[in-house]
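Readers should treat all values here as calculations from the given coordinates under stated rules, not as data from a laboratory. Just so we're clear, the structure is a prediction, and the values are computed from it rather than from any experiment. Please note: Cβ atoms are built from the backbone with ideal geometry, for glycine as well, and neighbour counts cover all protein chains shown.
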Amino acid sequence: MNTNTFRKSVTALAVTATLGFPAFVAAQDSGANDVERIQVTGSRIKRTDMETASPVSVFDAEAIEASGFTTMENFIHNLPSMNGAMNGSSTNNGSGGYATANLRGLGSARTLILINGRRYASGDLNAVPMAMVQRVEVLRDGASTIYGSDAIAGVINFITKTDFEGAEFSAQYDLTGEGDGETTKLSGVIGTSSGKGSVVLGLEYQNRNAIGQADRDFSRIPLAEKNGKAVFDGSTINEFGSFVPTGEKKTYVLDPQTGEQRLFNAQKDGYNYATDSYLKSPQELFTINAVANYDITRDLRVFLEGGYANRQSNQLLAPTGTFWGAPVDADFEYNKTGKDLSVYRRLTETGGREYTQDFSDYRMVLGFEGYLDNGWSWDISYNYARYVDTTVEYNQANRTRFNTLLDEELCNSDEECPGIWNPFEADSLTDEMMDYALIANSPVVRGTTKQFMANLTGDTGSWSLPAGSIAWAAGVEKRWESYENQPDGAAAIGQIYSTPGIPSEGSYDVEEAYIEVDAPLLRDLPGVQSLDLSAAVRRSDYNFLDAQTTTKFGLEYVPKDGLLVRATIAEGFRAPTIDNLNSPQVISFSRYVDPCTEYGDSSNDILDANCKADGLDSDFTPKTSQSATILSGNADLKPETSDSFTLGVVYQPEFMDNLNVAIDYYDIEIENGIGAPDISLIAEQCYTSENFSSASCDLILGPEAVDTKSWPSSDYRDAQGTLAGTDATTQNISTFETSGIDFDVNWNDEVAGGLLNLRLDGTYLKDYNYQVQEGAAPLELAGNFGADSNFAGRIAAFSKWRTNFTASYKVEDVAVTWISRFQSGVDDVNYDSSDLSSSVGSYIYHDMQASYFFNSETTFTLGIRNLFDKQPPYVSNNNDMNTLNTSYDTAGQYWYARVGFRF
């Protein structure tokens, strides 16, 4: 085997083995001597082969199409290197319509998303022009030295079509096995080229219909566990009102049948909020993108890129309520108790809280690239990216006016008040009352990224080492970032309950310079066909931070034909975002574990004494697992820092043609992680300290800080007994440690007159340890499910094994693909022996697709995702839908048909 040929093929494998499709180059130019030069994600050096020390996976357009997915969200989320929670269509509460990636489970903020090697402002996967994507390159190690901040976990680089000739059109229709969740997708790409340049234009439209939680048996009612059984457990804030008499600790209702006062019963009186919530959120998406280049001279080219995406999405939650405990006097006309009350009433007449987004993402690039007479290449570009997220949140409560509706004197003094309201009766809120007391919240968020880049790459030519010339790249970059969150005018004057009214805005700029070298150390020696050392250093000077320097080193060793050994070691950092620094105080209802839950069973005397001091019964169970928490940014934040290490082998055996194997070990450690303190930990540290002496107790500011009623005899709890007002200001407090193994096996050959391709790619998560703050025990999430700190504590699975196996066969006019997606079982990291389900077994989903090629222009495809309609698991510890909704398929079986034309 020719060594140079192997070096090219084995590195192509390292880049593409994940899906096993032919290697493609990231950039390709012809210089003064018509030497092909290639740039691969993770390196700025343009070289004559694809060899780098970093592990990179490439997925081409054919692989994306074979998956059957209609969005980049679903394709990226199903890569084995993704883990933990992710924003997208399966997240109804809190996604804001965004779709994000979670490489290595380290969070979207630590996964840098690029289009053609450049940043875009929003990072929303929905904004990626799927029809224009030629391939996706996933760099699976730290890349701060190459791309700057945010690349701690790695990089996902979407490469668009640039030299497309002709036209292609596609239409796809998806439908679940239940007959809902319809998705329609239309796309078209046209392009032309000449000897001087090319132009490509792509259009795409997609419409996805909603699926409701009530449309699936597993999610149609919220469940809790009582006496060893899963039972309905609705919200205390119901359609006919629950209430707490002033000075008392019990929650009551007026029985809707008898009118008698009795204790609230969750199974009888609870509100089923699932009926008003989406399982899969709807979305309408339009994108238009164009790429053009023109050769001004033989060695000078100008290029342009432009992109626009508009996403109209929405989420639906249960109707709002008088969460603050609306005051009702003892002499109020409809108050039959004779006592002053705090009333909690669900406003079911409104039909639910609808959150809508009209989101626009813009991207424009102008640049020049060329070659110098000595063969060095250069490029210079200016990238302008901006997004505008216009949100309208319907049916929010104006607290002042609802209180007026419950006070006859106040109502009479307000000429607009339509009359007093009976909160103890369902369907008693009239249209006039709703017009008076409901309000829409319409904040606007804007973000802008401006990026100037200049790069020069070449080699030392005749000034070489004995093994060859040193390849190098150097460059400078300046980036300007700005962000603005403009609240609704009514929120600014405090007229929308639990909605911040303080603007948040800021900007910064950063100047950066880097240099990268790739030095051949040894060539053609016994036991050493080649040994190369790469190194890079980057200096980043932010106008609000001390300058940061990061380094990266890599080694590539080919001892013999068919074997490549590679390793990297890199430093990384992530600068705090403008939102991290400047976001105002907001109230968020954060999930927490109350240390006083059934504290009578505890052997901790201090806990027992403190819970009793709060006036709680020994069998106390909180009525909600969400605590009103105060979140805010922090202008004193410092950067996160990281160290990463990879070691891998790529093997191409001589005894079996077309078999390629790649195995890479990774280890990443992050310090000074930016995050909010854990509410559960604060509560535990406070309540297990003698006489509430812990400093953590000072962080629980109490119900007055969130403007709600107090629990008698407690400084920390609201009228329903829930901890309230915990200060969770963003801080540099977290650490992450994760390690594992990526593996890719690919084989293809001619079988029975057709081409058979078998591929296995996967990730083994060896360790994932997260320490929320100093003094907390590390959370060991590998092989477990638990709160993902990167996504507001959503409960998600961190499976130890995630693999995709693909078998494809093409013969004459027919192509068939079978994909099996596997994830190993997980256990609740907070295991409780009383839980009905603290363990989930292994899951495997099967997808099938068959295509018929009528001719060279027309293709018809039928496919099924989740062929056997595998349902998500029930787990006792969950955030929503009674399951781990971002870790398992919630929609069930999906059928789809696609027709494609190419001319």
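Please say if the stretch 194-242 is rounded, prolate or oblate, where rounded means a/c under 1.5 for a ≥ b ≥ c the square roots of the C-alpha gyration tensor eigenvalues, and otherwise the choice is prolate for a/b larger than b/c and oblate otherwise?
Judged from the Cα gyration tensor, the stretch 194-242 comes out prolate (a/c at least 1.5, a/b above b/c).
Mind checking the stretch 210-294 for trypsin sites (Lys or Arg not before Pro) that DSSP puts in a loop (not H, G, I, E or B) and that have at most 12 other Cβ atoms within 10 Å?
Lys250
Leu279's amide H: which non-local residues (gap 5+, or another chain) put their own amide H closer than 5 Å, with H modeled 1.01 Å from N in plane and none for Pro or chain starts?
Counting only residues 5 or more places away or on other chains, the set is Ile211, Gly212, Gln213.
If amide H atoms are built 1.01 Å from N in the plane of the peptide, which residues on other chains or at least 5 residues away come under 5 Å of the amide H of Gln893?
Gly177, Asp869
If you place +1 on the Cβ of every Lys and Arg and -1 on the Cβ of every Asp and Glu, how big does the dipole about the Cα centre of the stretch 478-522 come out, in debye to the nearest 20? Let's see the in-between values first.
Numbers: 2 positive and 9 negative charges, 45 e Å.
About 220 debye.
Quick check on packing: order 184-191, 790-797, 736-743 by the mean number of other C-beta atoms within 10 Å, highest mean leading. Before the final figure, lay out each step's value.
Numbers: 184-191: 18.9, 790-797: 23.5, 736-743: 20.5.
With the highest mean Cβ count within 10 Å placed first, the list reads 790-797, 736-743, 184-191.
Residue by residue through the stretch 91-108, what is 3J(HN,Hα) from phi via Karplus (6.51 cos²θ - 1.76 cosθ + 1.60, θ = phi - 60°)? Round to whole Hz and write x for glycine and proline.
10, 8, 9, x, 7, x, x, 6, 10, 10, 10, 9, 5, 6, x, 9, x, 5
Going by Cα centres, the stretch 62-117 and the stretch 609-684 are how many Å apart?
Using only Cα atoms, the two centres lie 18 Å from each other.
Which of the GluC sites (Glu not before Pro) found in the stretch 406-437 are in a DSSP loop and have at most 16 neighbouring Cβ atoms, other than their own, within 10 Å? Walk me through the intermediate numbers first.
On the way: sites: Glu408, Glu409, Glu415, Glu416, Glu425, Glu432; in loops: Glu415, Glu416, Glu425.
Here the GluC sites (Glu not before Pro) that fit, given the DSSP loop and packing criteria, are Glu415, Glu416, Glu425.
Run the reach check for Lys623 against lysines, Cα to Cα strictly under 20 Å, same-chain hits fewer than 8 apart removed. What comes back?
Partners found: Lys226, Lys229, Lys249, Lys250, Lys268, Lys612, Lys709.
Can you list the HN-Hα couplings for the stretch 606-622, worked out from phi with the Karplus curve (6.51, -1.76, 1.60; θ = phi - 60°), rounded to whole Hz and with x for Gly and Pro?
Using θ = phi - 60°, the values come out as 5, 4, 4, 5, 5, 5, 5, 4, 7, x, 9, 5, 5, 9, 4, 10, x Hz.
In whole Hz and in residue order, list the ³J(HN,Hα) couplings for the stretch 666-682 that follow from phi through the Karplus curve 6.51 cos²θ - 1.76 cosθ + 1.60, θ = phi - 60°; x for Gly and Pro.
Values per residue, Gly and Pro as x: 10, 8, 10, 10, 10, 10, 6, x, 7, x, 9, x, 7, 5, 4, 5, 4 Hz.
Relative to the Cα centre, what is the charge dipole magnitude of the stretch 569-665, using +1 at the beta carbon of each Lys and Arg, -1 at the beta carbon of each Asp and Glu, and rounding to the nearest 20 debye?
400
Work from the charge dipole of the chain (Cβ charges, +1 for Lys and Arg, -1 for Asp and Glu, about the Cα centre) and give the residue of Ile45, Pro576, Phe59 farthest towards its positive end.
Ile45
Just going by the charge dipole of the chain, with Lys and Arg at +1 and Asp and Glu at -1 on Cβ, which of Ser235, Leu637, Ser469 is farthest out on the positive end?
Of Ser235, Leu637, Ser469, it is Ser469.
Rounded, prolate or oblate: which fits the stretch 114-227, taking a ≥ b ≥ c as square roots of the Cα gyration tensor eigenvalues, rounded meaning a/c under 1.5, else prolate when a/b beats b/c?
Here the stretch 114-227 falls in the oblate category.
What lysines does Lys766 reach when the alpha-carbon gap must be under 23 Å and sequence neighbours fewer than 8 apart in one chain are set aside?
Excluding near neighbours in sequence, the set is Lys800.
Chymotrypsin sites (Phe, Trp or Tyr not before Pro), restricted to the stretch 322-372: which are DSSP loop and have at most 16 other Cβ atoms within 10 Å?
Answer in residue order: Tyr334.
Quick check on the chain: helices-only [θ] at 222 nm, where DSSP H runs of length 4 and up contribute -39,500 (n - 2.57) each and the sum goes over total residues. Nearest 500, please.
Helix contribution divided over all residues of the chain: -2000 deg cm²/dmol.
Ranked highest first by average number of other Cβ atoms within 10 Å, how do 454-462, 54-62 line up?
Highest mean packing first, the order is 54-62, 454-462.
Under 5 Å between amide H atoms, partner at least 5 residues away or on a different chain: which partners does Leu521 have, H built in plane at 1.01 Å?
The answer is Leu531, Asp532, Leu533.
Among Tyr874, Thr806, Gln893, whose Cα lies farthest out toward the positive end of the dipole of the stretch 734-893, if unit charges sit on the beta carbon of Lys, Arg (+1) and Asp, Glu (-1)?
Gln893
Can you tell me the dipole magnitude for the stretch 178-235 around its Cα centre, using point charges on the Cβ only (Lys, Arg +1; Asp, Glu -1), in Debye to the nearest 20? Don't skip to the end; give the middle numbers.
Numbers: 7 positive and 8 negative charges, 51 e Å.
The calculated dipole for the stretch 178-235 is roughly 240 debye.
Quickly rank 638-650, 142-154 as a protection proxy: mean count of other C-beta atoms within 10 Å, highest first.
In descending order of packing, they fall as 142-154, 638-650.
Restricting things to alpha carbons, tell me how big the stretch 243-372 is in terms of Rg and Dmax, in Å.
29.0, 91
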